[in-house]
Amino acid sequence: MSELRDIPLQTIDGETATLADYAGKTVLVVNVASRCGLTPQYEKLEELQKKYEDRGFTVLGFPCNQFLGQEPGSTEEIKEFCSTTYGVTFPLFDKVKVNGRSAHPLYAELKKTEDEAGKAGKVKWNFEKFVITPDDTVHRFRPTTQPDAPEVIAVIEESLGA
């Protein structure tokens, strides 16, 4: 799945990036939104960032307005909200679509991964999580799974050699 790391991404500041920029790291890719019932997960995502960043881990947030218009803001508004409301320090990317024909290529690939119930396919809602380990193994967790759920922590810690 090395092609996953080569998919072009755009940061929220308009710079070009790829997952290869995070080679050797464990990354948690999550589609985020500021007006979602699950928005408070930002707090736990930031806690994970702070707890594990020195060990080779990072959260990567991808704002998504595909679910009932829950991320209508501009990039500046999104950055401001994340910074002032949740103190987000992890990298944020440009707004993406995660489902349908115009889904971002990263999500087109990630959606092939099965969740714990063995189901692949569409992203169900905002805050769906994909943990990608340094060996490119992808683990999928549905939106209602909290970022600090034992099964998520287990994957992160195992990949970091805890």
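Among residues other than Ile132 whose Cβ falls under 12 Å from its Cβ, what is the net charge (Lys/Arg +1, Asp/Glu -1)?
Result for the local shell: +1.
May I ask you to sort Leu110, Leu160 by Cβ crowding, counting other Cβ atoms within 10 Å and putting the fewest first?
Leu160, Leu110
Pulled fully out, how much extra length does the chain show between Asp21 and Asp54, if you take 0.36 nm times their separation in residues and subtract their Cα-Cα distance?
10.3 nm
Report relative contact order for the chain in percent, whole number only (criteria: Cα-Cα under 8 Å, sequence separation at least 6).
27
Could you work out the local net charge near Gly73, counting Lys and Arg as +1, Asp and Glu as -1, over the other residues with Cβ closer than 13 Å to its Cβ?
Net charge around Gly73: -2.
Starting from the range 21-91, pick out the trypsin sites (Lys or Arg not before Pro) whose DSSP state is loop and whose Cβ has at most 15 other Cβ atoms within 10 Å.
Filter output for the range 21-91: Arg35.
For the chain, what mean projected area does the convex hull of the alpha carbons give, in nm²?
If I average the Cα hull's projected area over directions, I get 8.5 nm².
Only Cα pairs under 8 Å and at least 6 apart count here; give the relative contact order of the range 25-93 as a rounded whole percent.
42
What's the local net charge at Leu45, with K and R +1, D and E -1, over the other residues with C-beta under 13 Å away?
-2
Could you please state, rounded to a whole Å, how far the C-alpha centre of the range 81-156 is from the C-alpha centre of the range 1-63?
Computed from Cα coordinates, the inter-centre distance equals 9 Å.
Based only on Cα atoms, what Rg/Rh ratio does the range 1-92 have, Rh being taken as Kirkwood's radius?
Answer for the range 1-92: 0.96.
Evaluate the charge dipole of the range 1-137 about its Cα centre and quote only its size in Debye, nearest 20, assuming +1 on the Cβ of each Lys and Arg and -1 on the Cβ of each Asp and Glu.
In total the dipole reaches around 480 debye.
Rule-based calculations on the coordinates, nothing more; no lab input. Quick caveat: nothing in here was measured; it's all calculated off a predicted structure. Quick reminder, even Gly has a Cβ in these numbers, built from the backbone with ideal geometry, and neighbours come from all protein chains shown.
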